[in-house]
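Chemist: The structure's right below; bear with me while I get my questions together.
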Amino acid sequence: MRLSRFFLPVLKETPAEAQIVSHRLMLRAGMMRQEAAGIYAWLPLGLRVLKNIEKIVREEMDRAGGVELLMPTLQLADLWRESGRYDDYGAEMLRITDRHEREMLYGPTNEEMITEIFRASVRSYKDLPKNLYHIQWKFRDEQRPRFGVMRGREFLMKDAYSFDVDEAAGKATYNRMFTAYLRIYGRMGLKAIPMRAETGPIGGDLSHEFIVLADTGESAVFCDKAVLELPIPPADIDYDADLTPIIEQWTAPYAATEDVHDAARFESETPPDRRITTRGIEVGQVFFFGDKYSKPMRAVVTGADGVERPAQMGSYGVGVSRLVGAIIEASHDEAGIIWPDEVAPFGVGVVNLRPSDVDVNAACDQAYNALTAAGKSPLMDDSDERPGAKFAVMDLIGLPWQLVIGPKGLKDGVVELKRRATGERQTLPLADALKALGA
């Protein structure tokens, strides 16, 4: 993409309403624009990041046995009355009445709808297990939306719902999702710690929140430093194997949100030099809740013994849009965002220092075409801005690599290659720079 054709409304000043780093940088970098309290338009740069996060989530969910579908944003209130949650959910639910006086709601989550879909089609244990997921916009009418995408009212979420024949099989699915989540966040450059957590309005008695440690997090968290040193499961993990050792490894060190924190246990189990007390950002949560929804909604399956039983269920959420903010909170400096390679909106920023120079233009076009052909998704700054302004924008939007091409360097037969994360710069021939970038 050439910057002259792209839509990138960067801001020089920080909007007054932006209180945390991710909110400030997303607005300044032209990633989004607020349209109402807690509701944002995703501009092209931000949308590219969102799509890259979705891609990672899909790949890992599919590998772990998930099957994608897409449910509507609007749901019938009657479904929620079946489960008993319609009147209990609270003011965060946006309730709607259509022209036929049917009561509806803008879905904050999808346990009821997926249970209705399942019960209409599945009858036998032979059809299990099933793990159905979608990536869909949701709405929760937050009383005080703030911190940009971290606490907005409209948000993009991946939510998955599992159906198993019995509790043992259901917990095996829970372990698969737990493991897949470690990989999802690891690929995004995040160390997301699974912490024991309250189940809240979702229900059940087994749940872990995946927390990214950050001073700007919404809640206090307590953990053993040892959990930060644990390895992410490898790409070739066998999801059909017994994953209990991985779960035990990650849940053995103390890690809990403030809602379930046990101070006495924390102090007794964790040496003083390993105790971490800080704040954290929730980027996902997994639940196993058995028959909480399947029993009242009659989502039953016939077992091998011929007896009908409610399916055992779990749900698994990833905050896709929230992750954009969480990654920025975890990876930035004074100049701007530092994107991990897999989520970056563009892989390389090609900086043309003098668009009026024929030789510089030719070298930039050569680099741009080679990078494009190699699938490196370059963004070429072909604007007439002064070099300092170009460098500032490139640092602000945080692309992993910057390839700087100007007349002085070309005269000497070299270009400059900068790694955004470290600031390391190399001066080398263009062919060598392209080779270093994989083009």
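Chemist: Got a sec? Which of Ala120, Ala91 is over 27 Å from Leu50 (Cβ atoms), surrounded by fewer than 17 Cβ atoms within 10 Å (Cβ to Cβ) and at pLDDT below 95?
Modeler: Details: Ala120 fails: at pLDDT below 95.
Of Ala120, Ala91, the one residue that is over 27 Å from Leu50 (Cβ atoms), surrounded by fewer than 17 Cβ atoms within 10 Å (Cβ to Cβ) and at pLDDT below 95 is Ala91.
Chemist: Additional query: Among (1) in contact (Cβ under 8 Å) with a residue 40 or more places away in the chain; (2) assigned to a helix (DSSP H, G or I), there is one condition Val350 misses while meeting the rest; what is its number?
Modeler: (2)
Chemist: A further question follows. For Val393, indicate whether it is of a type outside the set (Lys, Arg) and without any contact (Cβ under 8 Å) to a residue 24 or more places away in the chain.
Modeler: Working: of a type outside the set (Lys, Arg): yes; without any contact (Cβ under 8 Å) to a residue 24 or more places away in the chain: no.
For Val393, the condition - of a type outside the set (Lys, Arg) and without any contact (Cβ under 8 Å) to a residue 24 or more places away in the chain - is not met.
Chemist: Specify which of the listed residues (Asp78, Asp62) is closer than 25 Å to Arg298 by Cβ and either surrounded by fewer than 17 Cβ atoms within 10 Å (Cβ to Cβ) or of a type in the set (Phe, Trp, Tyr) (or both).
Modeler: Details: Asp62 fails: closer than 25 Å to Arg298 by Cβ.
Just one listed residue meets the conditions, Asp78.
Chemist: Tell me which residues, restricted to region 81-101, are β-branched (Val, Ile, Thr) and over 20 Å from Glu116 (Cβ atoms).
Modeler: Quick first cut of region 81-101, residues β-branched (Val, Ile, Thr) only: 96-97.
Once the filter is applied, which keeps residues that are β-branched (Val, Ile, Thr) and over 20 Å from Glu116 (Cβ atoms), region 81-101 yields only Thr97.
Table: residues versus (1) in contact (Cβ under 8 Å) with a residue 12 or more places away in the chain; (2) farther than 28 Å from Ser207 by Cα; (3) of a type in the set (Gly, Ala, Ser).
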| residue | (1), (2), (3) |
| --- | --- |
| Tyr316 | yes, no, no |
| Gly319 | yes, no, yes |
| Leu323 | yes, no, no |
| Ile328 | yes, no, no |
| Ile337 | yes, yes, no |
| Ala344 | yes, yes, yes |
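Chemist: Sticking with this one: Exposed (fewer than 13 other Cβ atoms within 10 Å of the Cβ), more than 30 Å from Arg187 (Cα to Cα) and either in contact with a Ser or Thr (Cβ under 8 Å, 6 or more places away or on another chain) or of a type in the set (Lys, Arg) (or both): does that describe Ser4?
Modeler: The answer is yes for Ser4.
Chemist: Here is a list: Thr277, Thr302. Which entry is touching a residue at least 12 places away in the same chain (Cβ under 8 Å), under 30 Å from Ala18 (Cα atoms) and touching a strand residue (DSSP E or B) at 6+ places or on another chain (Cβ under 9 Å)?
Modeler: Values: Thr302 fails: under 30 Å from Ala18 (Cα atoms).
Every option except Thr277 fails the conditions.
The values are calculated or read from the model by the stated rules, or taken from the named source; none is laboratory data. All values derive from a computational prediction rather than experimental measurement. When we count neighbours, we look across all protein chains shown, and the Cβ atoms used for this are built from the backbone with ideal geometry, even at glycine.
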